[in-house]
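First the structure, in the form of structure tokens, and then the observations on it.
Rule-based calculations on the coordinates, nothing more; no lab input. Just so we're clear, the structure is a prediction, and the values are computed from it rather than from any experiment. So basically every Cβ, Gly included, is an ideal-geometry build from the backbone, and we count neighbours across all protein chains shown.
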Amino acid sequence: MPEGSIMAQATLTPAPAARRSVLLLQGLMGPLFRRLGQGLLAAGHHVHKVNFNGGDRAFWRLPGGIDYRGTLADWPDALAGIIRAHAITDVVLFGDCRDHHIQATRVCRELGITVHVFEEGYVRPDWVTLEQGGVNGHSTLPRDPAWYREVAATLPPVPVHTRVLSSFPRRATEGVIYNVADLFSRWHYPHWRNHRPWHPLVEATGWARKLLRRKRRETEAAALLNRLAAPDARYFLFPLQLDSDAQIRLHSPFAGIADALKLVIESFAAHAPADARLVVKEHPLDNWVRDWNQEARDVATRCGVADRVDYLAWGDIEAIAQGALGMVTINSTSGTLGLAKGVPVIVLGHAVYDIPDITCQNGLDDFWQRPVPPDAATFAAFRRVLIDRCLIPGGFFSEAALARVIQHAIARFEGRPLLPE
């Protein structure tokens, strides 16, 4: 029988009720989607994967790979064709703000295809977000605190949850492999444009500078952490996000981190108590293409508060958040870490956890003088509902953490409750 006839037959034959036909788009840089594909296949589902560049392809290495070599403008029609050809029932992607994923979500909505979105966990640490339809600013979860309290009251206790390991060297290595494979396969994917704004070689240079200065930065950070651990230390914390983060571009009023840094330091200088300090915390995955330490110092100097603004280039954010008077965030999941510790949090962008009774609602200028802690019962209810609706245990950057994500993701995908750990 000709190949076209086989394809037509496969398209017209419905899959068994218990079996789904899953299309994976872009995942995290690393083996997440390969492991998910293996798990879905083992569970009896059909699996295909679109590779947009050599990095995607390098980490897939399973049957069902589909190289997309067309333009972004042609992508919606191409995706609709793939969905029809393979009788796709579900689409899975990591991050819903990438250009190809924004269009894919729209196409799936028009065709009635369920979209499952992976993202870093809303609640940190040791949780991963897996939500239908969209995450963060695209989430359909309500912002009504009473709703969370009512729904949480109907749910059983959270299953026993254990910590997971995470390896920064592993994450960095996987990023290097992905970018190298992308760089040397651009000839095969002529229309591919990375959602990140820098050329891979520019990023590699930044990472090299960062690694070369690691020991000095860690020594300086340890000294600052010791000072902040003093009983009389009074400070606010502003954890930076990545300048390439689509959550900044699409779900905040800022064009980038520089704009947010300027606003926060200027507001701090004008309205914060004179005995309070501001600690600007570098994102652990910042690539050092821009020197945020220098930019923070420059803004603080212009505002006359250079002696009250500190830059923390390294260290565990849990420890530093615990002692903070309050935390300022654009829409980072670090905010939920602070809330879990009872720390007042204000959100400058759009975040799923920016809810009355949980975060401060009176504006940044007021926040410095009146940082109101979250209502513990409301935050606990919010957390319980998130775990029920869109969180799974695990992580992305160790074998044990990744295995746990795949186990729970397939259970959630198939409509089963979280499995005991």
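Observations, loosely collected:
- Of the residues W368, W187, the one with the fewest other Cβ atoms within 10 Å heads the list, and the complete ranking is W187, W368.
- Near the amide H of L312, within less than 5 Å, lie the amide hydrogens of V280, K281, E282, all on another chain or at least 5 residues away, with H placed in the peptide plane.
- Couplings 3J(HN,Hα) for segment 328-333, derived from phi with the Karplus relation 6.51 cos²θ - 1.76 cosθ + 1.60 (θ = phi - 60°), are 9, 9, 6, 7, 5, 5 Hz, where x marks Gly and Pro.
- Using alpha-carbon coordinates, inclination of helix 376-389 to the longest axis of the chain, degrees: 20 degrees
- Cα gyration tensor shape for the chain, rounded if a/c is under 1.5, else prolate or oblate: prolate
- Exposure proxy ranking, count of Cβ atoms within 10 Å, fewest first, for C303, C390: C303, C390
- Helix 168-183 axis, angle to the chain major axis (alpha carbon atoms, nearest 10°): 50 degrees
- Segment 328-350-segment 112-135 distance, computed between alpha-carbon centres (Å): 18 Å
- The angle separating the long axis of helix 200-212 from the principal Cα axis of greatest extent in the chain is about 40 degrees.
- Pairwise label distance in nanometres, L201 with T140, each label 7 Å out on the Cα-Cβ vector: 4.7 nm
- Look at the dipole of segment 197-381 built from charges on Cβ: of V264, W314, L237, the Cα furthest out on the positive end belongs to W314.
- Projecting the Cα atoms of V352, A223, Q369 onto the charge dipole of the chain, computed from C-beta unit charges around the Cα centre, puts A223 farthest toward the positive end.
- FRET efficiency estimate (nearest 0.05) - Cβ-Cβ, V151 to R416, R0 22 angstrom: 0.65
- Extension gain (nm, one decimal) between T173 and R61, 0.36 nm per residue minus Cα-Cα: 38.5 nm
- Net length available on complete extension from R389 to N226 is 54.7 nm, with 0.36 nm assigned per residue and the Cα-Cα distance removed.
- Three-way shape label, segment 203-338, alpha-carbon gyration tensor, a/c 1.5: rounded
- Taking a sphere under 12 Å around the Cβ of S185 and counting the other residues whose Cβ falls inside, with K and R at +1 and D and E at -1, yields a net charge of 0.
- When shorter helices are ignored and each DSSP H run of at least 4 residues is given -39500 (n - 2.57), the per-residue value for the chain at 222 nm works out to -13000 deg cm²/dmol.
- Karplus 3J(HN,Hα) series, Hz, for segment 345-361 with 6.51 cos²θ - 1.76 cosθ + 1.60 (x for Gly, Pro): 9, 10, 10, 9, x, 10, 9, 5, 9, 7, 10, x, 6, 10, 10, 6, 10
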